[in-house]
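Notes follow once the structure below has been shown.
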Amino acid sequence: MKKILALVLALAMVLPMVLGTASAESYVGPDWAAIDEMDHDEASDAIYEWNLGEFNEVYQDAKAEVTDLDLRLAKMAIAEAKLMESGVFIPVYGDGGAYAMNRAVPRTVTTTSWGMDEYRWGTAMVCNELITKEDRTALTALWAEAADEAAWFEAAKAFLAENGYTLTDTWNFQSSYEIATWDTIASSFTSDAYFVAPCWSPLLQYDAKNNQQPALAESYEVSEDGTVYTFHLRQGLKWVDQQGREIAEITANDWVASMKHMIDNNDALGYLMTSSDGCGIKNYDAYLAGDVTDFAEVGVKAVDDYTLEYTLEGPFPAFASMMGYSCFAPLNESFYKAQGGTFSVDGDEYTSGNYGTSPANIAYCGAYLVKNFTEKNVTSYVPNPAYWAAETVNTPNINIYFNDSTDALRAYNEAKDGTIAGCSFNNSALVLAKEEKPEGADATYFDLYSYTTTNSATTYCGWVNMNRGTWANFNDNTVGVSAQTEEDHARTRAALNNQNFRLAMAMAFDRGAYNSTIVGEDLKYAALKNSYTTGNFQKTAGEVTIDINGEATTFPAGTYFGEIEQAQLDADGVPLKVWDPTADSGAGSGDGFDGWYNPDNAVAYLEKAIEELAQIGVEVSAENPIHIDVPYGAFSESNTNRHQAYKQSIEKVTGGLVVVDLIGYADSTSFTYAYYRTSGGDESNYDITPGTSGWGPDYGDAQSFLDTIQPYGYMTKNIGLY
């Protein structure tokens, strides 16, 4: 934090000299000569202020509101409107909106969109038979009617039995995720947490009805001032190893050890502990800065073996909703040290030793043990007999098969024959599903079993790299090599730091055509996202009045986040649609339509950008277009088609004034090192990625999204900063 504060102070002196004021009449742009003399963080600060200063000012005001939660929500929505107006990225799609067929019973695992509980899987029910679309609809209706999880499971089992379904004890499915570490505290990647989440249990966990329930903690209370959370642990619970052999009792010290490990891995999930980006664990920032040297003063304490206390710097309304995330996973200290792990807070040089290097090198307290792990092949789970709720595990055996996406029909064929429980229909599979019939059936697979998957709160985005620092992959400079010249570098950077140019690119992007290459023409809009924070992620509990461009504007109780965001966009005259009150059968939604693509608006913004760029000596013409490098997976037909759709859309709308140069990658691993497995913005090897890396919330507050785009926020590396 000392470093960050020093940079902010330095920036306050530098910015007036470096940055001009952008306007249609007199456009100056950033002073690149000065910025190029700065180190990466200083340059990031300057570029951030130029492009996102207004957003961040509004956002910090919203974060400071912790007592009036409706006013907080409204301020967050206005901040996000400013973020969307900046054009530094465009929301593209979510995890859903595709045709699918499946044997997995809907809604038997939580659909809560934050934390890791959706990956714990213990309550999942899976049938031996594919579930028809009519029965799936009926089951979902039963879920909505059920008073609690127990009533829902009872109703689901009765319905399935009455309609000829039988439950299996094994759930097989596919994933393209690759795991890099089994140390869940040391990683911020969903692709890692996905595999490890079934192996540990949180203090509190969301059930299949999306209600948070006691898990390893049987109860908790919050102090009157909202800063102290006291958890009372279940007694007699055990840690076990991969073979199910008892290691130790689960005690409050396991969360103290977890915090020690978190401090040593601050670059992973530490942002969730800080006052600026997360919940504000007391003295976490001060300890990292060296202002506090005694770890005992950090806000986590084992009062006794079964009483755990977290103390915050100030009230944080969403703290309890964070408990299912990896940074609050327990860590058995004795097992960790037996693996060679150390803690810097103990005065040792930090090393994790062998901890987390394989499934055999972690301790387990979750529903499952890893039976087998073969990289890029299969990961298998069996029940943990020591799990505190072992009797609630509905499907004892799980197998995750790796699918590298090279065979577009693999998932479909294996779902048909029962090798896996189900699949989404990509374009190739959809054609066959509409033609092929199960043996002895009169209707096709599509007619019998297809349903549309529900969009999640995760938003995958198209990111604009505003300070590209590498033109070949950072981990292998022979991969992903750009053909751009030094002159191209400078011209492209100038364009991508022009707001009008970015908005032109966003509005020239036919996201429906992009999505149709995966899910088909019928559902090309179904998964579309129009805002970063899902429009119906939160809604006001009461009436709220907020200033919008100088006018006091009142919203009634029950107003969704997206409605307020849309009001600010409308007031600012920016032609983006992030909320449709008629969507989702009149319930209102920010998903399922394209509120960005508009060729006429794109051309208008591009014309403004060309005028402004000309003022700083950057010509944009058919003879001298702006070149944009875009990485894609050449190993995947569907990924190739998707990126070709992006290229065609941009080049058609911009009339050749922008040229999209697709940079192909031969395998998924090298592809992800271009945009995903990067530690900083200077490693991001692209100009724009149309819809690759995304973000899902860590807790139930819009801050979980917007924190990632503030200075030093986790997702700012995708825009080339920090």
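None of the figures in this text is laboratory data; all of them are computed from the coordinates on show. From a predicted model like this one, the values you see are computed outputs, not experimental measurements. We place every Cβ from the backbone using ideal geometry, glycine too, and count neighbours over all the protein chains shown.
Give me Rg/Rg_expected for the range 664-710, where Rg uses Cα atoms only and Rg_expected = 2.2 N^0.38 Å with N residues.
Relative to the rule-of-thumb radius for its length, the range 664-710 sits at 1.37.
Is the shape of the range 560-641 rounded, prolate or oblate, going by the alpha carbon gyration tensor and its root eigenvalues a ≥ b ≥ c, with a/c under 1.5 for rounded and a/b larger than b/c for prolate?
Note, shape of the range 560-641 comes out oblate.
Where a Cα-Cα gap under 12 Å defines reach, which aspartates and glutamates qualify for LYS238, not counting those fewer than 8 residues away within the same chain?
Cross-link targets: GLU246, GLU249, ASP254.
Once you put a point 7 Å from the Cα of THR111 and another 7 Å from the Cα of THR351, both along the Cβ direction, what distance in nm separates them?
Distance between the two pseudo-spin positions: 4.8 nm.
Take each of the peptides 499-505, 411-417, 113-119, 166-172, average the number of other beta-carbon atoms within 10 Å over its residues, and list them starting from the highest.
499-505, 113-119, 411-417, 166-172
Whole-Hz Karplus ³J(HN,Hα) for the range 92-98, in order, using 6.51 cos²θ - 1.76 cosθ + 1.60 and θ = phi - 60°, x for Gly and Pro?
10, 8, x, 7, x, x, 10
Kindly identify the range 51-196 as rounded, prolate or oblate by the Cα gyration tensor criterion: order the square roots of the eigenvalues as a ≥ b ≥ c, call it rounded if a/c is under 1.5, otherwise compare a/b with b/c, prolate if a/b is larger, else oblate.
It comes out prolate by the Cα gyration axes.
Semi-axes, largest first, in whole Å: what does sqrt of 5 times each Cα gyration tensor eigenvalue give for the range 155-215?
They are 30, 18, 9 Å, listed largest first.
Express in nm, to one decimal, how much length is gained between GLN213 and GLU57 on full extension, taking 0.36 nm for each residue of separation and deducting their alpha carbon distance.
Full-extension gain reported as 52.5 nm.
Match the structure shown to one of the listed values (1) 42.7; (2) 38.0; (3) 30.6 of mean projected area of the Cα convex hull in nm², computed from it, and give that label.
Read-out from the structure maps to (3).
Provide Rg and Dmax in Å for the range 461-601, with only Cα atoms included in the calculation.
Computed over the Cα atoms of the range 461-601, radius of gyration and Dmax are 19.2, 58 Å.
Nearest 20 debye, what's the magnitude of the dipole of the range 565-664 about its Cα centre given +1 on Lys and Arg Cβ and -1 on Asp and Glu Cβ?
Charge dipole, the range 565-664, about its Cα centre: 260 debye, nearest 20.
Describe numerically, in nm with one decimal, the distance between label points set 7 Å from Cα along Cα→Cβ at ASP447 and at HIS40.
Going by the 7 Å Cα→Cβ label model, 5.8 nm.
For the cross-link pairs LYS529/LYS577; LYS63/LYS282; LYS524/LYS608; LYS376/LYS524; LYS434/LYS524, which exceed 21 Å when the distance is taken from alpha carbon to alpha carbon?
The answer is LYS524/LYS608; LYS376/LYS524.
Could you please state, rounded to a whole Å, how far the C-alpha centre of the range 455-499 is from the C-alpha centre of the range 325-382?
35
Name the residue farthest towards the positive end of the dipole of the chain from the options ALA302, TYR646, VAL222, assuming +1 on Cβ of Lys and Arg, -1 on Cβ of Asp and Glu, about the Cα centre.
Among ALA302, TYR646, VAL222, the one farthest towards the positive end of the dipole of the chain is TYR646.
Please state, to two decimals, what the Cα-based radius of gyration of the range 61-135 comes to when divided by 2.2 N^0.38 Å (N = residues).
Normalised Cα radius of gyration, the range 61-135: 1.68.
Would you please report the Å³ per residue occupied by the convex hull of the alpha carbon atoms in the range 203-357?
129
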